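The values are calculated or read from the model by the stated rules, or taken from the named source; none is laboratory data. Note that this is a predicted model, so its numbers are computed, not measured. Cβ atoms come from the backbone with ideal geometry, glycine included; neighbour counts cover every protein chain shown. Accessible surface is based on the protein model in full, side chains and every heavy atom, while ligands, DNA and RNA are left aside. Shrake-Rupley method; radii C 1.70, N 1.55, O 1.52, S 1.80 Å.
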Amino acid sequence: MINIPKSLTRKSALRAFLSSGAAGGILLMVAAALAMIIANSVFAQDYTHLIHAVTGPELTPKLGPMTLHLWINDGLMAIFFLLVGLEIKREFVDGHLSTWADRRLPMIAAAAGMIVPAIIYLAIAGGEPALRRGWAIPVATDIAFAIGVLALLGSRAPASLKLFLPTVAIVDDMGAVAIIAVFYTAELNLVALAAAGTIWCAMFLLNRFRVNVLWPYLLLAALLWYATLLSGVHATIAGVLAAFAIPLRRTLAAPDAADSALHRLEHALVKPVAFVIVPIFGFANAGVSLEGINFAALTAPLPLAIAMGLFLGKQIGIFTSIWLSVKLGIAARPHNASWTQVFGVAVLCGIGFTMSLFIGGLAFAGPAQGDAVKIGVLIGSLLSAILGYSVLRFAASRKRLSGDAI
């Protein structure tokens with residue numbers, strides 16, 4: 001009997017995330033739906049008071065006293081971004097984005113899937129100067145929600161597309177992080193920024209000296225979060241920066257070696273993020289009252305621009321870029337996937353729930369605009385989920401009947 005090393009039988013963090021993606025995505029949908037129901041019930045006022053209840057001291061004058069909403073959006077979401085950063089580093093160093101050949105198609109698709117939605121948003125809402133700040137809201141894909149919908153299809157979706165979707169979403173997240181850091185940064189506190197830079201350098205020194213235990217990195221990551229919060233850069237960026245400093249040992253034959261600090265932290269965060277942090281964020285940010293909402297309100301420039309940016313912009317940008325890349329010989333179409341299935345996945349990328357709501361909260365602080373953002377994100381994401389699922393289910397049925405690629 002051959003003994004297989006445990007390091008070879010453990011699931012990678014990405015595969016673990018995919019296997020729990022349906023459950024995590026469904027839990028996110030339930031949390032968002034629950035928030036909507038409560039926000040339109042007799043408990044609406046209690047919901048608002050709970051979300052904005054003061055629950056801590058004033059960490060920075062910019063934010064004022066900490067509320068439950070701030071702890072979720074600036075604190076818990078930093079952990080979400082830490083996992084995003086770990087996934088990005090892992091995929092680029094030791095994963096499916098480790099070579100330029102592997103990166104080419106996902107990077108092209110992700111770039112087009114960010115540019116076209118922004119153009120559509122500005123075409124609809126750009127005529128009002130006050131709304132131009134929201135151009136980045138429809139550029140992001142919600143990896144948990146999208147993978148959750150894709151996982152519901154089971155074997156109807158090719159394995160290549162189940163890998164391609166999160167790969168595009170990871171590259172997409174890189175762009176979203178850069179946008180948050182560059183375009184949604186308030187007035188900078190240079191002393192705090194210098195402190196954050198010093199702490200980050202200290203983390204890289206630990207990495208350089210091959211310190212592989214996690215607790216020193218986590219302690220410095222907490223200090224980095226606070227310094228970033230004080231600096232004026234959004235605190236969640238600290239999560240991504242900290243991730244880049246966590247040591248990763250390349251292990252091609254055993255991609256989840258237990259002695260790699262990054263792998264250990266990544267595995268520890270996958271389920272808490274998917275099953276706790278993201279649903280809590282969804283519950284705290286999706287609740288919007290539909291009282292007084294009519295056709296005119298739904299077709300107002302802000303919600304319409306966001307919804308169309310997600311629903312039309314993503315599918316047009318991603319599918320067109322993939323089609324052109326294949327026709328021009330730049331990259332190959334995902335293995336065993338028909339063009340109809342590729343289009344279905346491109347549509348699913350229009351689910352921008354978590355990241356879009358997050359960026360929307362940075363772009364617009366007013367309650368009226370905040371509700372309009374939520375409505376636009378919910379409509380665009382819901383349309384993308386329904387159409388994407390329907391297209392993929394239809395394509396799988398047609399492919400089974402014909403026995404050939406479409």
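When the range 121-147 is examined, which residues are found to be in a helix (DSSP H, G or I) and surrounded by fewer than 24 Cβ atoms within 10 Å (Cβ to Cβ)?
Narrowing the range 121-147 to residues in a helix (DSSP H, G or I): 121-125, 129-134, 137-139, 143-147.
The answer is 122, 123, 124, 129, 130, 131, 132, 133.
Could we say that residue 364 is touching a Gly at 6+ places or on another chain (Cβ under 8 Å) and aromatic (Phe, Trp, Tyr) here?
Values: touching a Gly at 6+ places or on another chain (Cβ under 8 Å): yes; aromatic (Phe, Trp, Tyr): yes.
Considered against the rule, which asks whether it is touching a Gly at 6+ places or on another chain (Cβ under 8 Å) and aromatic (Phe, Trp, Tyr), residue 364 comes out as yes.
Could you give every pair whose Cβ atoms fall below 6 Å, whose first residue belongs to the range 251-268 and is closer than 14 Å to residue 91 by Cβ and open to solvent by less than 20 Å² (accessible area, probe 1.4 Å), and whose second residue is of a type outside the set (Phe, Trp, Tyr) and modelled with pLDDT under 60, counting only separations of at least 6 or pairs across chains?
That search, which allows pairs on different chains as well, returns 256/10; 256/12; 263/256; 266/13.
Working carefully through the options 26, 72, find the one that is touching a residue at least 12 places away in the same chain (Cβ under 8 Å), touching a Gly at 6+ places or on another chain (Cβ under 8 Å) and not in a strand (DSSP E or B). Give the steps one after another, and end with the answer.
Details: 72 fails: touching a Gly at 6+ places or on another chain (Cβ under 8 Å).
Matching residue, one of 26, 72: 26.
Here's a check for you: in the range 81-104, which residue that is open to solvent by less than 20 Å² (accessible area, probe 1.4 Å) and under 19 Å from residue 228 (Cα atoms) is farthest from the chain's Cα centre (by Cα)?
86
Among the residues of the range 207-233, which ones are within 26 Å of residue 183 (Cα to Cα) and open to solvent by less than 20 Å² (accessible area, probe 1.4 Å)?
Those that are within 26 Å of residue 183 (Cα to Cα) and open to solvent by less than 20 Å² (accessible area, probe 1.4 Å): 224, 227, 228, 229, 231, 232.
For the range 137-174, give me each residue that is among the acidic types (Asp, Glu) and modelled with pLDDT of 80 or more.
Here is the first cut: in the range 137-174, the ones among the acidic types (Asp, Glu) are 142, 172-173.
Scanning the range 137-174 gives 142, 172.
Condition check: in contact with a Leu (Cβ under 6 Å, 6 or more places away or on another chain) and exposed (fewer than 15 other Cβ atoms within 10 Å of the Cβ). Does residue 55 satisfy that? Spell out how you get there, then give the answer.
On the way: in contact with a Leu (Cβ under 6 Å, 6 or more places away or on another chain): yes; exposed (fewer than 15 other Cβ atoms within 10 Å of the Cβ): yes.
Yes; evaluated as a whole, the condition is true for this residue.
Can you tell me which residues in the range 106-119 are surrounded by fewer than 24 Cβ atoms within 10 Å (Cβ to Cβ) and over 17 Å from residue 180 (Cα atoms)?
Correct list: 107, 108, 112, 116, 119.
Condition check ((1) of a type in the set (Ser, Thr, Tyr); (2) outside any loop (DSSP other than H, G, I, E, B); (3) open to solvent by 10 Å² or more (accessible area, probe 1.4 Å); (4) under 19 Å from residue 169 (Cα atoms)) across all residues:
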{"residue": "306", "(1), (2), (3), (4)": "no, yes, no, yes"}
{"residue": "325", "(1), (2), (3), (4)": "yes, yes, no, yes"}
{"residue": "336", "(1), (2), (3), (4)": "no, no, yes, no"}
{"residue": "340", "(1), (2), (3), (4)": "yes, yes, yes, no"}
{"residue": "343", "(1), (2), (3), (4)": "no, yes, yes, yes"}
{"residue": "346", "(1), (2), (3), (4)": "no, yes, no, yes"}
{"residue": "351", "(1), (2), (3), (4)": "no, no, no, yes"}
{"residue": "368", "(1), (2), (3), (4)": "no, yes, yes, no"}
{"residue": "387", "(1), (2), (3), (4)": "no, yes, yes, yes"}
